[in-house]
Each structure stands twice: as structure tokens, then as C-alpha cells.
Amino acid sequence: MHTPLFPLFADLRGRPVLVAGGGAVAARKVERLLAAGARVRVIAPNLHPDLRVLVAARRISHRPCAFTPEALDGAWLAIAATDDAATNRAVASAAGERRVLVNVVDDATLSSFHLPAVVERGDVQVAISSGGAAPMLARRLREKLEVLLDESLGTLAALFARHRSAIRARLPDLPQRRRWFDAVLDRLAPDLRLTANAADAERELLAALAGAGKTTARGSVTLVGAGPGDPGLLTLRALRAMNDADVIVHDRLVSPQVLAMARRDAQRIDVGKRVGDPIDAQDRIHATLLEHARAGRRVVRLKGGDPFVFGRGGEELEFLRAHDIACEVVPGITAALACAAYAGVPLTHREHAQSVRLITAHTQASLDTLDWRALAAERQTLAVYMGVGVLERLRARLLAHGRAPHTPFALIENGSRPEQRVILGTLADLPDRARAENVRAPALLILGEVAALAEPLHWFGAAPLAAPPARAQAAA
Ligand code: SAH
């Protein structure tokens, strides 16, 4: 069963915490509580030698008896670490009645808080939870992180802590401060390992602080391709830009899984457009980008797929350059490439297709401007964006210009996402197949001889939906 847990780091200094049990397990918990400055009380008939030492040194208090509910009086937290299941249950239920959070060692279902596996580097702590479901996994992860995180991380945190108020005073504006931190960290600890010794690092930090805040922040816009939905298809540059951003302006097409990779405290603005939106939606996006960049913020304009493939990235870049805003473009994996790969359809193939065309045809005007004679040629692949609403017209034009009715197609809905569907058929029955399977946007149409390869080559998600055999269709 899944238990949603709220992660928190508690300040227990001077706060009473009850530990029921006096064995080796209890002793380990007591040690951690003391390290956090808690006032530990132990209730147990017998004590482990380590605990006896602590009692003698007056670092913990001890009641030498079995658990009784009054022992919880005044406690903020309780830990049940006895070797008797009935006692542990009694502690859990008495704590529940008193609204004291309780952890029962090795019993997630009785616990109202869990103790995470922890990696510590000075003030930096990484706490890992598997929701109680797989403590082994959490432990394993901890071992990996122990290797990964350098000892100097603690020194680094202490350094920043020491100069915290000076840094705040010098750089009162949060985005400005963040940028300064990034620059200093890039120099001092590019991979979170201190590159200099602590004294040198401190000198560098002070020098950087002295020079800080003299230049005014210059805003920027980065057009970032977010790919088709699978976060694994983001580029490293895209990830970096999303982590550096003050503001993220995104489309409806950008998947929640991708958005979850962005910095948590970046401001997010959804400018999702739907077909049929008023014309000025794009103007509104331009105005939003300009406003934030001019205020000195780092803006990421996050777009599904690639910004320059049917994403109006070109217009946005023109607009921003005309207004003298610093810009960058990070390409993304466009829907045609992603859908083809995830459906097992090679876009070109020595035996079937020597060229690919990316086209869109979502309005009458765009349909009329296309060169249908060229599009109907054989041995080429068409990748049609935003085509779900115009399949009927698409079929009519292609057939009229000579494309064979038996040309295979693959229609890929939600390509690369867990809910991906691939619908197969031929040009002759294209709109009917889409209707029968109730295909919704976002979907990409791949038309051409290669589309038939989805049947033998598919590897991701559900098997492709092929048309029922002609005989069965006739009988139905
Ligand atoms: N810039 C985007 C395209 C935006 S136009 C890119 O490079 O991919 C929107 C169209 O892209 C949709 O109508 C659909 O045809 C296609 N599309 C985008 N993401 C898709 C996905 N995950 N699966 C299928 N089609 C997708």
C-alpha cells in the first residue's frame, strides 16, 4: 500500500523525545537524537551499557520500568524500540491518542513518522525514504550517495552559512543572489567538490562578494525544446537551463514529468494554446517573455518537441532580438523523430523511403499552400503534425494526386509517454481508423511504406492497433 509522506527536517534542540526500549537498537536511535540536541528520555526496565554511560553522564534521563502512557507527557516525538511487539503497539496507540508523532522501529504501518536513511556532510543532509516499502532500496541508494558526495560539501555549506547575512545584505534581490551563488559555485566547486582548500575558498568567496551587485542583472530568454514527453529525452542543456531559470513559460504540450525536472521555486506560467484560441495568444506570449526578461530575470521558454519545428520559435526569436533581449536556443527532440523511434518506424529505409517531409496541415490555408503533387510521390515518408482534425482532406488530396490507397500509415498518439497508442492502417481507411480508435491530440501521422514496419519492429508500450482483417470487417 502506498503512503504519501511529508518530508521534513525537525529542529529538536531542547525538546523532549521519548524512547521506549533500552537495547542496542534504542541506543542507536538515542545517539541520533542527541546529535540533534533533543532531550532524550528512555523508559525501559533494563539498559544497554552504552545507554548506562549516557545516564551516568546525565546526557539522558531514564525511568527503569515498563512503558506507561504518562511517559509520553510533554514529548514532541516518540520512538518505540522495544523487542516486544505488544509494548511497541501500546506506545504507538498511546502516542496517537496524545498526538505525539511516533516511530515504531521496523513497523511502518504502526509509525506516524519514518526515519530516513541519511547521508551527512556537515550541515548538508540527504535523507532518503522509500515510503516504508523498500528500506533495502533506500539503504542501497545511501551507499551510492556516500561515494558520490564529497566530504568538502560540508565545508562548503559551513562557508556559505558563515557569510550568509553579508551575502544577503549585499545581494538583497533573490534572482540576483541566485545568479551570484551559481557563478561562485561554478568557480569554487564546479562538481560540488571544493577545488581549493577552505581558506582559499573563503578568500575567493569574499572577493566575489566585494565585486557583487555592481553590474545590474541582465535578463535573458532561452527557447528550450522539451521533447515529446519522456523526460529521458531532454538534453543536458535543456535540464541546465530549466534549473537556472527564474521563470518558465511553457506550453500545454510540455509533459508534467518534464516540468517536474525544473527548479521547484521557478515561477511557472502556462501559456498553453488550443486550436481556435484568439489570434492574439502569440502576442500575449511575446509580451510575457519581454516583461520578465526586462525585469532582469532568466526566462526559459519551454516548448514541446523542438522550438523551431512548428513551435513558432522563429517568431519569438525575431521578436526578442528586435527588442534587444539576449537569447539562446536549445533544440529538442521533435515529435516526428520521437514518435517514429518509439513506434518502431524508421523514417528512412534503404528499401522504402529516401526522404522525409515534416508538414503541418491544420488549417485550410496551410492545406492549400502545400505542393500535393510532390507530397503524393512514392518512396518518401510524410510526418504530419497537427493533422488529427484534417485527415479526411489529407486523404482526398493525396489520393487525387496519385498516392496509392494501400499506402500504410501509423498514427501515434501521446508518443513516448506511458499512454502511447499506435494506430495502423492504409491511406484508404485513414480517417475511419482514427475515428474508430477515437484518436486525440497530440498525435502524429506517419504516412509511407515505412509505417508498416511498426508491426514487426514496435518495442515500446502497447502493441500497435492494426485494422481488423478485411474478411472480418466485411462480415461485421
Ligand atoms: N514543436 C513541436 C510541435 C508542435 S505542433 C515538436 O517539435 O514536436 C503540435 C503537434 O506536434 C501535435 O499536434 C502533434 O502532431 C505533434 N506532437 C507533439 N508531441 C507529440 C507526442 N508526444 N505524440 C504525438 N504527437 C506529438
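Quick test for you: out of L347, L370, pick the one residue that is over 32 Å from the mean Cα position of the chain (by Cα), over 25 Å from V258 (Cα atoms) and of a type in the set (A, V, I, L, M, F, W, C).
That would be L370, the only listed residue that is over 32 Å from the mean Cα position of the chain (by Cα), over 25 Å from V258 (Cα atoms) and of a type in the set (A, V, I, L, M, F, W, C).
Does R99 qualify as being among the basic types (K, R), modelled with pLDDT of 95 or more, farther than 29 Å from L141 by Cα and assigned to a loop (DSSP other than H, G, I, E, B)?
yes
In segment 418-432, how many residues are within 16 Å of the ligand (Cβ to nearest atom), part of a helix (DSSP H, G or I) and surrounded by fewer than 21 Cβ atoms within 10 Å (Cβ to Cβ)?
Adding up the residues that qualify gives 1.
Among the residues of segment 110-142, write down those that are assigned to a strand (DSSP E or B) and crowded, with 16+ Cβ neighbours inside 10 Å.
Selection gives A117, V119, R121, V126, A127, I128.
Here is a yes/no grid of residues against (1) loosely packed, with under 13 Cβ neighbours inside 10 Å; (2) out of contact with any Pro (no Cβ under 6 Å at 6 or more places or on another chain):
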{"position": "R39", "(1), (2)": "no, no"}
{"position": "I43", "(1), (2)": "no, yes"}
{"position": "L47", "(1), (2)": "no, yes"}
{"position": "L51", "(1), (2)": "no, yes"}
{"position": "I60", "(1), (2)": "no, yes"}
{"position": "R63", "(1), (2)": "no, yes"}
{"position": "D73", "(1), (2)": "yes, yes"}
{"position": "T82", "(1), (2)": "no, yes"}
{"position": "T87", "(1), (2)": "no, yes"}
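Within segment 371-399, count every residue that is of a type in the set (D, E) and out of contact with any helix residue (DSSP H, G or I) (no Cβ under 7 Å at 6 or more places or on another chain).
So the count comes out to 2.
Hey, does segment 397-408 have a residue that's surrounded by fewer than 20 Cβ atoms within 10 Å (Cβ to Cβ) and touching an Asp or Glu at 6+ places or on another chain (Cβ under 6 Å)?
No, segment 397-408 contains no residue that is surrounded by fewer than 20 Cβ atoms within 10 Å (Cβ to Cβ) and touching an Asp or Glu at 6+ places or on another chain (Cβ under 6 Å).
Based on this model, can you work out whether A208 counts as away from the ligand (no atom under 16 Å from the Cβ), surrounded by 18 or more Cβ atoms within 10 Å (Cβ to Cβ) and in contact (Cβ under 8 Å) with a residue 12 or more places away in the chain?
no
So which residues in segment 97-134 are assigned by TED's automatic domain parsing to the domain that holds A35, of a type in the set (G, A, S) and in contact (Cβ under 8 Å) with a residue 40 or more places away in the chain, if there are any at all?
A108
So for segment 428-445 (the condition being at positive phi and among the polar types (S, T, N, Q)), does at least one residue qualify?
Yes: segment 428-445 contains one or more residues that are at positive phi and among the polar types (S, T, N, Q).
Look at R28 and say whether it is surrounded by 12 or more Cβ atoms within 10 Å (Cβ to Cβ), part of a strand (DSSP E or B) and in the same structural domain as L110 (by TED's automatic domain parsing).
The answer is no for R28.
Here is a yes/no grid of residues against (1) closer than 25 Å to P464 by Cα; (2) in contact (Cβ under 8 Å) with a residue 40 or more places away in the chain:
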| residue | (1), (2) |
| --- | --- |
| I359 | yes, no |
| Q364 | no, no |
| R373 | no, no |
| T381 | yes, yes |
| V384 | yes, yes |
| G387 | yes, yes |
| P408 | yes, yes |
| I412 | yes, yes |
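Which pairs have Cβ atoms under 9 Å, sit 6 or more apart or on different chains, and link a residue in segment 329-350 that is touching a residue at least 12 places away in the same chain (Cβ under 8 Å) and under 17 Å from V309 (Cα atoms) to one that is of a type outside the set (A, V, I, L, M) and assigned to a helix (DSSP H, G or I)?
V329/G313; V330/R237; V330/R240; P331/R237
Within segment 388-414, count every residue that is under 36 Å from the mean Cα position of the chain (by Cα) and part of a strand (DSSP E or B).
Total satisfying the criteria: 5.
Which condition does Y385 not pass, out of (1) under 40 Å from the mean Cα position of the chain (by Cα); (2) on the phi > 0 side of the Ramachandran plot, if it passes all the others?
Single failed check for Y385: (2).
I'd like the full set of residues that are at pLDDT below 95 and of a type in the set (G, A, S), limited to segment 299-324.
Scanning segment 299-324 gives a single hit, G311.
Tell me, which strands (runs of 3 or more DSSP E) wholly within segment 266-372 include 3 or more residues that are in the same structural domain as L411 (by TED's automatic domain parsing) and surrounded by 13 or more Cβ atoms within 10 Å (Cβ to Cβ)?
Passing ranges, in order: 355-360.
Would you call G415 in the same structural domain as L347 (by TED's automatic domain parsing), at pLDDT 95 or above and near the ligand (Cβ under 10 Å from one of its atoms)?
Spelling it out, G415 is indeed in the same structural domain as L347 (by TED's automatic domain parsing), at pLDDT 95 or above and near the ligand (Cβ under 10 Å from one of its atoms).
The values are calculated or read from the model by the stated rules, or taken from the named source; none is laboratory data. Bear in mind that the values here come from a model prediction, so they are computed numbers and not experimental data. Counting neighbours? That spans all protein chains shown, and the Cβs are built from the backbone with ideal geometry, glycine included.
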